[in-house]
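What follows draws every value from the coordinates through simple rules; no lab data is involved. Note that the structure is predicted; figures quoted are calculated from it, not measured. Virtual Cβ from ideal backbone geometry, glycine too; neighbours counted across all protein chains shown.
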Amino acid sequence: MKNFATTSAIVLALLGSSVAMTPAFAADEFNVAPGLTYAGVPLGLHGADPVALLAGNQVEGDAQFFAAHDGVAYYFTNAENQAAFEANPAKFMPQNGGFCTLGVAYAKKLDGNPDYATVVDGKLFVFVNQAALDAFNKDQAALTAQADENWVKIKSVKATDL
């Protein structure tokens, strides 16, 4: 918790520059791209393969390998990753609905970009940019706890209402 206060100044700067650019999201509880996929639902994780991300590989999925879960489509690089996800979607879902974990720690729903992802204790976390990921890495335990606490409160609140 000691670095939590120090991180506040960085986060306020990030939030100030990011909130104005935050688009309206198609779903309240999941960070999705505008528009629909062939599955008839919006796309999560910017089309990155969540199974590959959890293994530490940032790769774009292919629309021919997709699965829809909780009203969000996810793309995969191959049929094996698709099958692994379909067998246990909860294992591969990004934390905080795919929103930036640092933003959620400060009760904001910022875009979670899979280019800035990390895995902690077998869980996938995504961030709005490198600065947010770096700030998270300085105090993971406190920021994860704060994000967990806030997520319960803001999960069903529109990003534009925060």
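Phi angles of region 123-131 translate, via the Karplus equation with coefficients 6.51, -1.76, 1.60 and θ = phi - 60°, into HN-Hα couplings of 10, 8, 10, 10, 9, 6, 6, 5, 4 Hz per residue; Gly and Pro are given as x. In plain terms, if you count all Cα to Cα distances in region 58-137 and split them into 5 Å steps from zero, the share in each step is 3, 15, 23, 25, 18, 10, 5, 0 percent. A simple rule links phi to the HN-Hα coupling: the Karplus curve 6.51 cos²θ - 1.76 cosθ + 1.60 with θ = phi - 60°, which for region 144-152 gives 5, 4, 5, 5, 4, 5, 6, 4, 4 Hz, with x for Gly and Pro.
Between residue 60 and residue 137, what length in nm is gained on full extension when 0.36 nm per residue of separation is reduced by their alpha carbon distance?
On the way: separation 77, 0.36 × 77 = 27.72 nm, distance 2.42 nm.
In short, 25.3 nm is gained.
A cut-off of 5 Å between modelled amide H atoms, ignoring neighbours fewer than 5 places along the same chain, links residue 120 with 125. Peptides 30-41, 131-142, 67-78 ranked from most to least packed by the mean count of surrounding Cβ atoms within 10 Å: 67-78, 131-142, 30-41.
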